[in-house]
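These notes are about the structure you will find just below.
The values are calculated or read from the model by the stated rules, or taken from the named source; none is laboratory data. Note that the coordinates shown come from a computational prediction; the quantities given were computed from them, not determined experimentally. Please note: Cβ atoms are built from the backbone with ideal geometry, for glycine as well, and neighbour counts cover all protein chains shown. Remember, those area values only see protein heavy atoms, side chains included, never the ligands or the DNA or RNA. Shrake-Rupley method; radii C 1.70, N 1.55, O 1.52, S 1.80 Å.
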Amino acid sequence: MAAKSDGAAVSPRSQMPAERPSRQERPPPPRLLPAELVGYSPADCCWTLGALLVFFSDGASDLWLAADYYLRRDYWCFALTLVFVVVPSVVVQVLSFRWFAYDFSDNPESATAVVAATVAATATATTTSAAGGRDLDAGDGDDGDGERGAGRSAVGMLPEPPTGGRARGCCRVFVWLFQAVVHILQLAQVWRYVRALYLGVQSRWHREPERRHYYWRMMFETADISILRLLESFLKSAPQLVLQLSIMIVAGQVLPLQGLSASASLMSLAWMVASYQKVLRDSRDDKLPMSYKAVTVQILWHLFTIGARALAFALFASVFQLYFGIFVVAHWCIMTFWIIQGETDFCMSKWEEIIYNMMVGIVYIFCWFSVREGRTRCRLLTYSLTVLVENVALTATWYVYRGPRTSDFCAVVMVCVVASSYALGTFFMFVYYCLLHPNGPVSGWDYLAEKRVAVEAPMSPTSSLPPDVVSSPPRTLQRTKDSGIDGDVFQVRPPRGSRGPAPRSPTPRTEGPVIRIDLPRKSYPAWDAHYIDRRLRKTILVLESAAPSAPRIQYRCLGTPKEVMEYETTV
């Protein structure tokens, strides 16, 4: 249901002092281009092909190694290796098929909302193109008879929905069967990679508005792949890496297939963490994209830090299997509690947010993963010191209680490998933050001042339109439990310029409809609400294909108490 906000959730920006530095004293904020204006480059295509290569090498090496264990009659290692391959893959396939079923199914509530939003968008484009468009906002849709009349007058302009004949029914059955076979064969990620590659190439070949439509669909597909692959990597590749390293340490020898499997798992982990961060930034129109040079340094950063972490785990687990399990569970519980205490706001429902926090807790067992804005450097420093202490304690314990089969020379080499690998990873981390961060060097007070000015600049009182800024969600808003979207997501508001000529905004405004989502924008490094909520995806794709000009997405801004009182929040 829709309920009026009581005004208690006031952004900290509204409590800033009234006196601000003059416009001449402010450094100009960086100019950010919308993601769809950047385009799909050949480097992006090569990156997708590289991700496919990493995926195949990781899975094939694990299966090959499991078959080798079976032929050697080492059934215990064969069972463990196969379990860490099959179980995470099944979990990811189920989640992927659930997403496909929702996206492909004809939900009556979603269909009604999509048609309503398309009607509103067509009315907006035909009646207010000179005024710069209207806002499509979240609420109950009770904005007056005039707007409803405009919506009814535009119904005739919309294309008729498909009637669902026999041919369409056969095609739908074929798609369902094809997707079922793909997911049963554990190839959902491959299909999604191929589909993202196809959509990206189509966005490069076509012109407006088809190019924009293909690019949006490609970004949605890439976001899904990143989440699925990150989940699979830390459920499959991470334990597989520790398992194979432990087997090699206990056996005192390294088989070629073991080394290949461990290397592929380590590369998959480092690649997916860096890829997740890159896709996250590329999909945001308020964030500067990450260059491939920065992504390469991030891969090296996580490659060495995760390698040192996994080797320390393997050394300790080769001697203390039970205590290692207790340590991992305790570390995961502490990290998950730390994440929950930070009050993340990534998902659209409470139970999904808990599952997300638990997944990030698994990631925190091996590497750092930022989940919210704020004092990132302080949290990163705290986590790095904690991991350093744990690695030293685990390695020192193994060195003291190691078996007689390990000589002193080999033990010293192992300790040096752990220390040097972690040191190299820390070095590449500093290189990334000091030289290759998309926002520039993050050291010094100038960067903090620029970020504050960039946030304060859109709060100019001379602008009548709400700014497109990233605002942290209020802590008092409750998440909705209603899965329906009809009447709760979009509504048409009267143009803001109806009371008189509005002052010109300092930023150029393009003509066309404005998709105004009645939710605060998700804080980085979480995706926007329309990347997480699949109901909004359907509406946005239909709306931007039906509207004559590109729609803009605008989230609820909590800049002033008046703005909070004006909105209707979905609680």
Subject >> Conditions (1) more than 24 Å from G325 (Cα to Cα); (2) in contact with a helix residue (DSSP H, G or I) (Cβ under 6 Å, 6 or more places away or on another chain); (3) of a type outside the set (S, T, N, Q): number failed by R284 >> reply: (2)
**OP:** Keeping to segment 345-360, report how many residues are out of contact with any Phe, Trp or Tyr (no Cβ under 6 Å at 6 or more places or on another chain) and farther than 22 Å from Y383 by Cβ.
**Re:** 5
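Of everything in segment 219-261, what is touching a Lys or Arg at 6+ places or on another chain (Cβ under 7 Å) and closer than 21 Å to V418 by Cα? Give them in sequence order.
In the first step, residues of segment 219-261 are kept if they are touching a Lys or Arg at 6+ places or on another chain (Cβ under 7 Å); the result is 220-221, 224-225, 252.
Selection gives G252 alone.
Is it the case, given these coordinates, that L136 is at pLDDT below 90, farther than 15 Å from F100 by Cβ and surrounded by 11 or more Cβ atoms within 10 Å (Cβ to Cβ)? Lay out the reasoning, then the answer.
Details: at pLDDT below 90: yes; farther than 15 Å from F100 by Cβ: yes; surrounded by 11 or more Cβ atoms within 10 Å (Cβ to Cβ): yes.
In short, yes.
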**OP:** Return yes when M359 is hydrophobic (A, V, I, L, M, F, W, C), closer than 21 Å to D224 by Cβ, part of a helix (DSSP H, G or I) and open to solvent by less than 50 Å² (accessible area, probe 1.4 Å) and no when it is not.
**Re:** yes
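Considering segment 400-433 alone, what residues qualify as being over 26 Å from V297 (Cβ atoms) and either buried (at least 19 other Cβ atoms within 10 Å of the Cβ) or touching a residue at least 40 places away in the same chain (Cβ under 8 Å) (or both)?
As a first pass, look at segment 400-433 and keep what is over 26 Å from V297 (Cβ atoms): 400-415.
Residues satisfying the conditions are Y401, R402, G403, R405, T406, M414.
Return the only residue of S275, S268, S246 being in contact with a helix residue (DSSP H, G or I) (Cβ under 8 Å, 6 or more places away or on another chain), surrounded by fewer than 24 Cβ atoms within 10 Å (Cβ to Cβ) and of a type in the set (G, A, S). Walk me through how you get there before you give the answer.
On the way: S275 fails: surrounded by fewer than 24 Cβ atoms within 10 Å (Cβ to Cβ); S268 fails: surrounded by fewer than 24 Cβ atoms within 10 Å (Cβ to Cβ).
Just one listed residue meets the conditions, S246.
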Original post:
From the residues in segment 317-355 that are more than 17 Å from L519 (Cβ to Cβ) and among the hydroxyl-bearing types (S, T, Y), which one is most open to solvent (accessible area, probe 1.4 Å)?
Top reply: Y323
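Yes or no, residue by residue, for (1) at pLDDT 95 or above; (2) buried (at least 18 other Cβ atoms within 10 Å of the Cβ):
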position: S11; (1), (2): no, yes
position: P27; (1), (2): no, no
position: L32; (1), (2): no, no
position: P42; (1), (2): no, no
position: L53; (1), (2): yes, no
position: W76; (1), (2): no, no
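Only one residue in L235, L177 is of a type in the set (A, V, I, L, M, F, W, C), open to solvent by 30 Å² or more (accessible area, probe 1.4 Å) and touching a Pro at 6+ places or on another chain (Cβ under 7 Å). Which one?
Details: L177 fails: touching a Pro at 6+ places or on another chain (Cβ under 7 Å).
Every option except L235 fails the conditions.
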